[in-house]
Amino acid sequence: MTKLSIEDKINIYNLWKNEHLSIKNIAKKYGISFGSLTYPMALIDRYGIECLNRTYHFYSSDFKEKVVLEMLDGKDSIYEIGLKYALPSNGMLHNWLRSYRENGYTIVTKKKGRKVNGHASRKASGRRNQTAQKRQKSLTREELKAAHNQRIHKKIRCLSGRTNRTRKAGQAEEVTKAVTQLRRELNLALTFILDVINSSTELPHLSRSDYYYTLKKVDKDDKNKGLIERIRVIFKEHHSRYGYRRITLQLKREGIIVNHKKVKRLTTIMGLHALHNRKRNRYSSYQGTVGKIKKNQIKADFHALKPDQKWYADITEFNLRGEKTYLSALLDGCTQEIIAHSVSKHPTHGHTMVMMKKASLVHPNTKQLTFHTDQGWQYQHGHFQKWLSNHGMTQSMSRKGKSTDNGLIESFFATLKREMFHGFEQDFQNVAELNQAIYDYINYYNTKRIKSKLKGRTPMEYRAFVLKQAQ
């Protein structure tokens, strides 16, 4: 494999970041593996090119132990932990972890200075082996068996799965890896280890046939290590908002062609589950007939062939520990981007007009545009209907009590609350922080969040694509 210089890494980063070449194609160009590029690119992206100019750094035993314990905890991947501490290579972490296990789960720091000659080193090694053998021989057979039982119990009990259902996704793989490590570490027969595990009601059980089946399956996924790490990074970058379908689309954008079924299997093994909707009480702005009700011009035909042909608007409520804030949003039927929005403490007519004026400034050509809403009192207001007419818009309204008639904007509100509000209320100290989070999410939704209905593009990318096709 070709060893990359600092200049090579900088050139590769520029090709990936500025010229938008996929990592897979760059790896082919330089004759290196895809997996060897993902980590240094992510490191430069997070800490800048200056991180490549670091000189040798000595890591203390306390620091190594802290990092190793984080790896064993399993909350973050080795890839993420390496980025967190800005380590020049995540391969260091694998070495630390292996050394930690080989040295009886303790950190051993190498002594500084010149190495002793080979003869002295072999003598010292021989003395250590003799000491270990004497210590082992000093134990009786029953004491040795008890020590092995204790080590096996400690190892398996540390795993995340604590039930007997090994068919649960990911649990059989964890137990199988642990058993394989114990076989190498203690030099014991598989039958002895499995008998110890299966005789305890506190440990997850594993049969011999399941062990060999899972071992073969785990080996099959060794070739997917680079893909697994990339999936994990994508999932974390988008704060658990991406399911396997959207992850597949994102991989495709990066030049990694993989079947969605494979991505689904790997995300299940890793325990990565996207956020899901929970039924909540909905806000309704309907207060009876206070103005003129318009006919439904859309009739569930939400899609538009070009931008600025069909707009959909609505208001939704956020209740943060008794304090309320209201979001008024306007969505385009073609690109599904949020054209304009406004946030207010009260769902007033002025609140709606602020949003409309923002939209008309950015998209002034509104002639032959259909503007669809529910029958909320803000949209029945005479001043509002006159403003639409003056700007050449045709107003359309849903049928009474039929939220599905305005399904496009309702779907956006459901996605918004699922991905940044429901279950995250404790992250916001006050309404001001929540309002800022709403603005940030809408920017993310328009510019970064890809959609399968938009052929794997973001709303803003799809707008540019449609306008280019129309030329």
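The values are calculated or read from the model by the stated rules, or taken from the named source; none is laboratory data. The model shown is predicted, which means the values in this text are computed figures rather than measured ones. In this analysis, Cβ positions are derived from the backbone assuming ideal geometry, glycine residues included, and neighbour counts consider all displayed protein chains.
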Within the stretch 320-426, helices (runs of 4 or more DSSP H) holding 1 or more residues that are closer than 30 Å to PHE235 by Cα: 407-420
Hey, SER389 hits all of (1) surrounded by fewer than 17 Cβ atoms within 10 Å (Cβ to Cβ); (2) touching a residue at least 60 places away in the same chain (Cβ under 8 Å); (3) among the polar types (S, T, N, Q) but one; which does it fall short on? (2)
Among (1) touching a Leu at 6+ places or on another chain (Cβ under 7 Å); (2) farther than 18 Å from LYS453 by Cα; (3) in contact (Cβ under 8 Å) with a residue 60 or more places away in the chain, the one test that LYS295 misses: (1)
Within the stretch 55-62, does at least one residue satisfy the condition of being surrounded by 12 or more Cβ atoms within 10 Å (Cβ to Cβ), modelled with pLDDT of 80 or more, within 18 Å of GLU237 (Cβ to Cβ) and of a type in the set (Ser, Thr, Tyr)? no
Restricting attention to the stretch 18-40, which residues are charged (D, E, K, R) and under 25 Å from ASN224 (Cβ atoms)? LYS24, LYS28, LYS29
Please name all residue pairs, on different chains or six or more residues apart, with Cβ atoms under 8 Å, provided the first residue is in the stretch 180-196 and is modelled with pLDDT of 90 or more and the second residue is not in a helix (DSSP H, G or I). LEU194/LEU206; LEU194/SER207
In the stretch 455-471, residue farthest from the chain's Cα centre (by Cα) [restricted to those that are in contact (Cβ under 8 Å) with a residue 24 or more places away in the chain and surrounded by 20 or more Cβ atoms within 10 Å (Cβ to Cβ)]: ARG463
List pairs: first residue in the stretch 244-261 and in the same structural domain as GLU229 (by TED's automatic domain parsing) and part of a loop (DSSP other than H, G, I, E, B), second residue modelled with pLDDT of 90 or more and not aliphatic (A, V, I, L, M) anywhere in the structure, Cβ distance under 8 angstrom, at least six positions apart or on different chains. GLU254/ARG230; ILE256/ARG230; VAL258/THR248; ASN259/THR248
Among the residues of the stretch 10-27, write down those that are surrounded by 12 or more Cβ atoms within 10 Å (Cβ to Cβ) and either within 16 Å of GLU254 (Cβ to Cβ) or assigned by TED's automatic domain parsing to the domain that holds ARG230 (or both). ILE12, TYR13, LEU15, TRP16, LYS17, LEU21, SER22, ILE23, LYS24, ASN25, ILE26, ALA27
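Every residue, every condition in (1) surrounded by fewer than 15 Cβ atoms within 10 Å (Cβ to Cβ); (2) among the hydroxyl-bearing types (Ser, Thr, Tyr); (3) touching a Cys at 6+ places or on another chain (Cβ under 6 Å); (4) within 24 Å of ARG418 (Cα to Cα), yes or no:
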position	(1), (2), (3), (4)
LYS292	yes, no, no, no
ASP308	no, no, no, no
ALA313	no, no, no, yes
SER328	no, yes, no, yes
GLU337	no, no, no, yes
SER342	no, yes, no, yes
LYS345	yes, no, no, yes
SER360	no, yes, no, no
Output yes when any residue across the stretch 202-220 is loosely packed, with under 13 Cβ neighbours inside 10 Å, among the charged types (D, E, K, R) and under 16 Å from the mean Cα position of the chain (by Cα), and no when none is. no
Does ALA464 satisfy the condition of being modelled with pLDDT of 90 or more and closer than 21 Å to GLU317 by Cβ? no
So is THR370 without any contact (Cβ under 8 Å) to a residue 60 or more places away in the chain, touching a Ser or Thr at 6+ places or on another chain (Cβ under 7 Å) and under 17 Å from GLN336 (Cβ atoms) or not? no
Can we say THR248 is at pLDDT below 85 and surrounded by 16 or more Cβ atoms within 10 Å (Cβ to Cβ)? no
Show the residue pairs meeting these rules: Cβ distance below 7 Å; 6+ apart or different chains; first residue within the stretch 148-162 and under 19 Å from PHE192 (Cβ atoms) and part of a helix (DSSP H, G or I); second residue among the β-branched types (Val, Ile, Thr) and at pLDDT 85 or above. ASN149/VAL196; ILE152/ILE193; ILE152/VAL196; ILE152/ILE197; ILE156/VAL175; ILE156/ILE197
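Matching residues to (1) closer than 15 Å to ASP314 by Cβ; (2) surrounded by fewer than 17 Cβ atoms within 10 Å (Cβ to Cβ); (3) over 21 Å from the mean Cα position of the chain (by Cα):
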| residue | (1), (2), (3) |
| --- | --- |
| GLY350 | no, yes, yes |
| THR373 | yes, no, yes |
| SER403 | yes, yes, yes |
| MET420 | no, no, no |
| TYR441 | no, no, no |
| LYS448 | no, yes, no |
| LYS451 | no, no, no |
Which of (1) modelled with pLDDT of 90 or more; (2) within 12 Å of GLN336 (Cα to Cα); (3) not hydrophobic (A, V, I, L, M, F, W, C) does LYS453 not meet, given it meets every other one? (1)
